[in-house]
1. Let me spell it out: the conditions are (1) closer than 24 Å to LYS137 by Cβ; (2) in contact with a Phe, Trp or Tyr (Cβ under 7 Å, 6 or more places away or on another chain); (3) modelled with pLDDT of 70 or more, and THR25 meets all of them except one. Which number is the exception?
2. Those residues that are under 21 Å from the mean Cα position of the chain (by Cα), surrounded by 13 or more Cβ atoms within 10 Å (Cβ to Cβ), modelled with pLDDT of 85 or more and not in a strand (DSSP E or B), I need them from the range 138-171; list them, please.
3. Select from the range 172-203 the residues that are of a type in the set (A, V, I, L, M, F, W, C) and in contact with a Gly (Cβ under 7 Å, 6 or more places away or on another chain) and write down the one among them that is least open to solvent (accessible area, probe 1.4 Å).
4. Search the range 46-98 for residues being part of a loop (DSSP other than H, G, I, E, B) and of a type in the set (Asp, Glu), and hand back the single one that is modelled with the highest pLDDT.
5. Please count how many residues of the range 115-137 are open to solvent by 60 Å² or more (accessible area, probe 1.4 Å) and among the aromatic types (Phe, Trp, Tyr).
Amino acid sequence: MKKENLLVLHSLLSSRESDAILADTRDVAEHQNLFKYLLQQQIVLAITEIDQHQDHLILDFTHNRLQAFGIDLDINEKKLFKNVSKAIKKERIVTTEIIPYIVRKLKKAMDKNYTLCQIERADEFFYLAVLPKKKLKKLLPLTTPIGTFHKISKPSLQEILYIIECDCGMSNVWQLRENETRPNQGLCNSCQKDLFNPQGTPIFAVIIEPLIG
């Protein structure tokens with residue numbers, strides 16, 4: 001097996017897994033086959049922004065991989081799911097931020113010597129792996145055969161477009177910072193209908209998009 005593939009496997013596998021899995025992977029040394037094998041064995045998780053119950057998928061994956069390393073995950077599952085649901089409902093995070101938000105919550109609850117990281121590949125999936133922090137440091141400078149490893153950290157605040165689609169067809173747009181208070185009153189720029197109910201909740205569909213450029 002190629003040296004680069006061995007480095008990846010030794011980073012992602014526990015010592016208890018290594019012997020059995022390395023024996024199984026002698027015939028999948030080519031990196032595409034190896035990556036497929038890692039997905040099938042649930043050593044790497046592939047997820048998309050449109051997957052349902054992302055929090056459950058990522059939590060189960062993290063829990064199982066930490067157990068493989070002999071580590072427990074000390075987290076209140078109900079509180080995690082509630083926090084994710086609340087952040088989405090209150091529009092504190094946009095669609096593209098949901099997965100990193102969940103990961104950051106889990107990382108805080110993990111053993112200090114372990115972490116979740118992203119494996120970047122040229123496709124639409126968000127790939128996650130659990131590994132010791134010291135092993136991740138060795139992988140960060142490298143472009144490995146299965147992809148590029150990255151830390152997952154809190155992104156810097158950016159501007160967003162907060163859009164309310166009136167039923168007259170008009171798109172009413174506010175340009176806000178991510179942490180800025182959302183509007184709770186105002187009229188449609190076209191038909192002058194109220195866009196919010198007396199409680200300040202939007203009456204019509206809301207779209208939140210990151211401001212690009």
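1. THR25 satisfies every listed condition except (3).
2. Across the range 138-171, the qualifying residues are LEU139, ILE146.
3. Filtering the range 172-203 down to residues of a type in the set (A, V, I, L, M, F, W, C) leaves 173-174, 176, 187-188, 191, 195-196, 203.
In the following step, the residues that additionally are in contact with a Gly (Cβ under 7 Å, 6 or more places away or on another chain) were identified as 195-196.
Values: LEU195: 0, PHE196: 16 Å².
Checked the range 172-203; the qualifying residue least open to solvent (accessible area, probe 1.4 Å) is LEU195.
4. Filtering the range 46-98 down to residues part of a loop (DSSP other than H, G, I, E, B) leaves 48-53, 69-76, 90-94.
Narrowing the set further to residues that are of a type in the set (Asp, Glu) leaves 49, 51, 72, 74, 91.
Working: GLU49: 71, ASP51: 65, ASP72: 91, ASP74: 85, GLU91: 66.
Looking at the filtered set, the residue picked out is ASP72.
5. Summing the residues that are open to solvent by 60 Å² or more (accessible area, probe 1.4 Å) and among the aromatic types (Phe, Trp, Tyr) in the range 115-137 gives 1.
The values are calculated or read from the model by the stated rules, or taken from the named source; none is laboratory data. If you're wondering where the values come from, they're calculated on a predicted model, not measured in any experiment. Here Cβ is always computed from backbone atoms with ideal geometry, including for glycine, and neighbour counts include all displayed protein chains. To get the accessible areas, we keep the full protein, side chains included, count just its heavy atoms, and leave off ligands, DNA and RNA. Shrake-Rupley method; radii C 1.70, N 1.55, O 1.52, S 1.80 Å.
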